[in-house]
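Just below is one structure, and these are the notes that go with it.
The values are calculated or read from the model by the stated rules, or taken from the named source; none is laboratory data. A quick note: this is a predicted structure, and the numbers were derived from the prediction, not measured. Glycine gets a Cβ as well: all are built from the backbone with ideal geometry, and neighbour counts include every protein chain shown.
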């Protein structure tokens, strides 16, 4: 192969090669993959837990620092740039992008599972219900949004203010200088693509599992691995068609529809469900969350077992980090023209309130059904079949078939929009941050991410999905920590430009 | 009855002049918000009184007081304006039909605009300054009823780039002179520019960057 051509496309070729190796490994040596992922899983509990906990808490502190720092008035983009979107639709889009499939998947399953097997204390009690809601808030609250704040802000700042390419390595310009175009920068890009592919594959895997369960609940189609794979194949074909026919404009309408439908479903449940309990849960759990924030953020249980922490907290942190380049790119794209203070309020504070409210509505109503009625069997049933959880929950509410159909539509739409946007982001990242990724590369990533999701599902479903993202996200977590320092350096130089401008105006 | 659906971005004729639709508010009697391309003034009307025009290659029109010809086969350069006549936005792009954007970077697949949209080469027409002789003027729907001579309007176009045309208050520095001369534009009459200190020069001379250099304008900030 032509050496120059290879150099130009090295990020794409190497990251594709790495991912292909993984797919071949998973498809032909499935047992070996399961064995290795289990070893990684156990290793992550013993050796890596503190890395994830420490860095994620650091991101929260860093984001809050930015909110109050002198950099707050720096605008992303030109000094007089106007935001592309109104504040309302901006917040809605952030919320949809950050949580997407996951929030529908886990909103009932997580609180109920915690309720049956809480991190500490006895299950099936009132205390367990409180703890369950508290940890759900914790996993979906400030921490994930702080990760997105850091990466979204870094991407937006270096893209709009420093006019660098839209790739992760651009965020290291203040530290590395022109080396971002060399091997170091490319390594950063390859690692970020690798993490992103797994983050997306995890979401697509969860989505496919839930779509299959939804079809089982609504249409009675069997809930099996085969159908899950069919869902992935159909999804892949659909978005490949959309890439090739310019139907991508339609994807935009779809993603808006998903956000509106999510809100509709939330309001509907509030009306037909136990609204007063939901409000109480929201206030009560917010209090618990704030007062136990530090304890939960650093909880490792060194003298007991760490399995619960590994399969929940560490999995979430890893998943958010793996998912971060994708969401960060999206957030950066829609946030041009906002100041840093607006950005942090919009990406850290508002979505956190939004997810907490969402979790109160879904989790609070579900816990009300299982706890107040003493319906322990139902709780077990939900915890055992997580894929079906949301549909099992809808069955207990009035208007259940309407809720099920809207819920199913939301999941299906999120699935297709995430897959479509992901191909675009992966195309940008793997072509050196160009805003015009070619269709061939986008389609390649489309097929690859579906293949990874399929391989992970074949290799063992949810557990393997969780373990794979914990392993793939680790290098990227460390990259993110350095990104914070790079961002600070960049902001410092920007504030000097701001000061300089002011002075020259006064003198002239 | 006219059954025509007006969409945002379309070029339309209204009162015989070329406008662009920048907003449609379906619930109102006067539902069509227009911007006149010639001087960017805003107008409001209803769907029945506009007529659609699809801009194509070799059309020429006045945009913001300057005349441009649409070209398809020419390579853009940084700073050029493009008319996005065939938008196929990617999922994260934010542009729509007939938007006029400034080119910032050019690569093999497309251009990147100053609003950081990635636009493929097949999606836009380049707006080349000036009215090419082979072009088809589209400023008016019915040329015959226009008293104003197009050639005359052309002579009013002093320079294709607005940043380079003279404004009151601009401060210029003379470059081909040993003694420091900095002067402010105090009056403009036709092609003659009056500078502070009694200097009186032709517009072309002031625009010659070897002779005069623009410094700043204290009123534009």
Original post:
Is there a residue in the range B:81-88 that is over 12 Å from residue B:126 (Cβ atoms) and free of Cβ contacts under 8 Å to residues at least 12 places away in the same chain?
Top reply: no
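Any residue that is within 14 Å of chain B (Cβ to nearest Cβ), at pLDDT 85 or above and on the phi < 0 side of the Ramachandran plot - is there at least one of those in the range A:455-464?
no
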Original post:
Looking only at residues in the range A:162-197 that are touching a helix residue (DSSP H, G or I) at 6+ places or on another chain (Cβ under 6 Å) and within 14 Å of chain B (Cβ to nearest Cβ), which one is surrounded by the most Cβ atoms within 10 Å (Cβ to Cβ)?
Top reply: A:167
Subject >> Selection from the range A:56-114 of residues that are within 14 Å of chain B (Cβ to nearest Cβ) and part of a helix (DSSP H, G or I) >> reply: A:89, A:90, A:93, A:94, A:96, A:97, A:100
Original post:
Only one of A:69, A:86 is modelled with pLDDT under 95 and out of contact with any helix residue (DSSP H, G or I) (no Cβ under 9 Å at 6 or more places or on another chain); which?
Top reply: A:86
Original post:
Does residue A:418 satisfy being in a helix (DSSP H, G or I) and away from chain B (no Cβ under 14 Å)?
Top reply: no
**OP:** Spot the failing condition for residue A:234; the list is (1) surrounded by fewer than 24 Cβ atoms within 10 Å (Cβ to Cβ); (2) touching a helix residue (DSSP H, G or I) at 6+ places or on another chain (Cβ under 9 Å); (3) at pLDDT 90 or above, and only one is missed.
**Re:** (2)
Subject >> Tally, over the range A:433-445, of residues that are free of Cβ contacts under 8 Å to residues at least 60 places away in the same chain and within 10 Å of chain B (Cβ to nearest Cβ) >> reply: 3
**OP:** For the range B:56-65, state whether one or more residues are touching a strand residue (DSSP E or B) at 6+ places or on another chain (Cβ under 6 Å), crowded, with 16+ Cβ neighbours inside 10 Å, within 14 Å of chain A (Cβ to nearest Cβ) and at negative phi.
**Re:** no
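If the requirement is being part of a helix (DSSP H, G or I) and free of Cβ contacts under 8 Å to residues at least 40 places away in the same chain, which of these qualifies: A:12, A:17?
Numbers: A:12 fails: free of Cβ contacts under 8 Å to residues at least 40 places away in the same chain.
Answer to the selection: A:17.
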Subject >> Output for the range B:170-221, where each listed residue is within 14 Å of chain A (Cβ to nearest Cβ), within 21 Å of residue B:66 (Cβ to Cβ) and outside any strand (DSSP E or B) >> reply: B:170, B:217, B:220
Subject >> Failed criterion for residue A:448 (all others in (1) buried (at least 24 other Cβ atoms within 10 Å of the Cβ); (2) closer than 27 Å to residue B:117 by Cβ; (3) away from every other protein chain (no Cβ under 11 Å) hold) >> reply: (1)
Subject >> the range B:103-122, residues that are within 8 Å of chain A (Cβ to nearest Cβ), farther than 21 Å from residue A:80 by Cβ and assigned to a loop (DSSP other than H, G, I, E, B) >> reply: B:107, B:109
Subject >> Number of the condition not met by residue B:70 [criteria: (1) within 14 Å of chain A (Cβ to nearest Cβ); (2) surrounded by 14 or more Cβ atoms within 10 Å (Cβ to Cβ)] >> reply: (1)
Subject >> Selected residue (only one of A:388, A:402, A:397, A:353 is surrounded by fewer than 24 Cβ atoms within 10 Å (Cβ to Cβ), away from chain B (no Cβ under 14 Å) and not in a helix (DSSP H, G or I)) >> reply: A:397
**OP:** Select from the range B:73-96 the residues that are more than 14 Å from chain A (Cβ to nearest Cβ) and more than 17 Å from residue B:53 (Cα to Cα) and write down the one among them that is surrounded by the most Cβ atoms within 10 Å (Cβ to Cβ).
**Re:** B:81
Original post:
Can you tell which of A:373, A:366 is within 30 Å of residue A:297 (Cα to Cα) and away from chain B (no Cβ under 14 Å)?
Top reply: A:366
Original post:
So which helices (runs of 4 or more DSSP H) are wholly in the range A:133-228 and hold at least 1 residues that are within 26 Å of residue A:101 (Cβ to Cβ)?
Top reply: A:142-156, A:183-219
